[in-house]
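Notes follow once the structure below has been shown.
The values are calculated or read from the model by the stated rules, or taken from the named source; none is laboratory data. Just so it is clear, the structure is predicted and the values come from calculations on it, not from any experiment. Please note: Cβ atoms are built from the backbone with ideal geometry, for glycine as well, and neighbour counts cover all protein chains shown.
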Amino acid sequence: MDPWEVPAGARSISIEGYPLTYTEAGDGEPLLLIHGSLNDYRSWDAQVGAFQERYRTLAISLRHYYPEPWAGEGGEFSLSRHAADVIALIRALKLSPVRLLGHSRGGAVAYMVARAAPELIRALVLAEPRGMEDLLPGEDAAIDGASSNRAIFDALHVALQSGSRVEAARAFIDAFNGPGSWAAMPARQQTIILDNIATGIDSGELPGMRCEDIARFTFPILLIRGEKSLRRYELGMEAMRRCNAAIEEVVVVPGAPHGMHRTNPEFFNSAVLDFLARN
């Protein structure tokens, strides 16, 4: 029996003793979606309906994210743990070879899965994955330094200690997506962020992206970013393409910040589906 209620329409599978929650819709070849920080499987609401028409689409909640009512203490919480969980899930559900799509923190997890177990991957989609700064020279990595991941998460931690979950969430979302982004966010998405606010802890762990690893990837890779996102995402993707000439031209989602799949889902979905249809 699961230690917390599994929401209607979702499923649960034991991964090394942890009840990992996921949704599944559609038939065909498998497509697995991995959410970013302060999100969960519901982050992909605008994608699942479109993707399930062609693929068996699964969206997961990483360990300690909703529906677990986690307080931010106890248990493993790291990129490495999440990547190991995803690998175990792919094997347990016999999804291999899988098309894997990750956004932000989920992109870092997807990258680590592909590096550790490339035999499981049919195609990889990375939407502004965390950690690309490791591929950049010092001067480029310093771009947007005042708005770096570490600074944003540190600010979130301080804000949470002050006791205002909503204000903490507002500052976090506006830092990534621009001023006013939280206020403009639909109520459902605000709820998702607040449900996962305790996962805003950050150890500073990065996926350890290395050019030599990227050069060894033989499966198709799509890189996708928002037109209004931080400059370092553009630079990081250019660096990834220099590591592996087979990576296609970066897709830019018009008018979109970091949360591109929510801001402009029609363009995002079309670009991803076009890539997957060819791969």
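Within segment 12-44, being acidic (D, E) and either crowded, with 23+ Cβ neighbours inside 10 Å or in contact with a strand residue (DSSP E or B) (Cβ under 9 Å, 6 or more places away or on another chain) (or both) holds for E24, D27, E29, D40.
Pairs are defined by a Cβ separation below 9 Å, a sequence spacing of at least 6 or placement on different chains, a first member in segment 108-126 that is surrounded by fewer than 24 Cβ atoms within 10 Å (Cβ to Cβ), and a second member that is acidic (D, E) and not in a helix (DSSP H, G or I); the pairs so defined are R122/E29.
When you scan segment 166-175, do you find a residue that is more than 20 Å from H35 (Cα to Cα), at pLDDT below 85 and among the acidic types (D, E), even just one? No, segment 166-175 contains no residue that is more than 20 Å from H35 (Cα to Cα), at pLDDT below 85 and among the acidic types (D, E).
Filtering F51, F77 for residues that are crowded, with 20+ Cβ neighbours inside 10 Å, at pLDDT below 95 and either more than 29 Å from M237 (Cβ to Cβ) or under 18 Å from the mean Cα position of the chain (by Cα) (or both) leaves a single hit, F77.
The numbered conditions (1) part of a helix (DSSP H, G or I); (2) closer than 16 Å to S37 by Cβ; (3) under 17 Å from the mean Cα position of the chain (by Cα) are all true for M237 except (2). Within segment 112-121, the set of residues being in contact with a helix residue (DSSP H, G or I) (Cβ under 9 Å, 6 or more places away or on another chain) and either among the polar types (S, T, N, Q) or under 21 Å from E29 (Cβ atoms) (or both) comprises V113, A114, A117, P118, L120, I121. Yes or no: G204 more than 19 Å from G259 (Cα to Cα) and of a type in the set (G, A, S)? The answer is yes for G204.
Here's the yes/no breakdown for (1) more than 18 Å from the chain's Cα centre (by Cα); (2) surrounded by 14 or more Cβ atoms within 10 Å (Cβ to Cβ); (3) assigned to a helix (DSSP H, G or I):
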position	(1), (2), (3)
V166	yes, no, yes
R170	yes, yes, yes
Q189	no, yes, yes
L194	no, yes, yes
L206	no, yes, no
M209	no, yes, no
D213	yes, yes, yes
T218	yes, no, no
R225	no, yes, no
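Inside segment 118-137, can you point out the residues that are more than 12 Å from L235 (Cα to Cα) and in a helix (DSSP H, G or I)? Those that are more than 12 Å from L235 (Cα to Cα) and in a helix (DSSP H, G or I): P118, E119, L120. Do the conditions hold for I247, that is, is it free of Cβ contacts under 8 Å to residues at least 60 places away in the same chain, crowded, with 17+ Cβ neighbours inside 10 Å and under 16 Å from R278 (Cβ atoms)? Yes; evaluated as a whole, the condition is true for this residue.
Is it the case that segment 67-74 has a residue that's at pLDDT 90 or above, touching a strand residue (DSSP E or B) at 6+ places or on another chain (Cβ under 9 Å) and closer than 30 Å to A277 by Cβ? No, that holds for no residue. Selection of first residues in segment 31-45 that are closer than 19 Å to V98 by Cα and of second residues that are in a helix (DSSP H, G or I) and β-branched (V, I, T), restricted to Cβ pairs under 6 Å at least 6 apart or on distinct chains, gives the following pairs, ordered by first then second residue: I34/V109.
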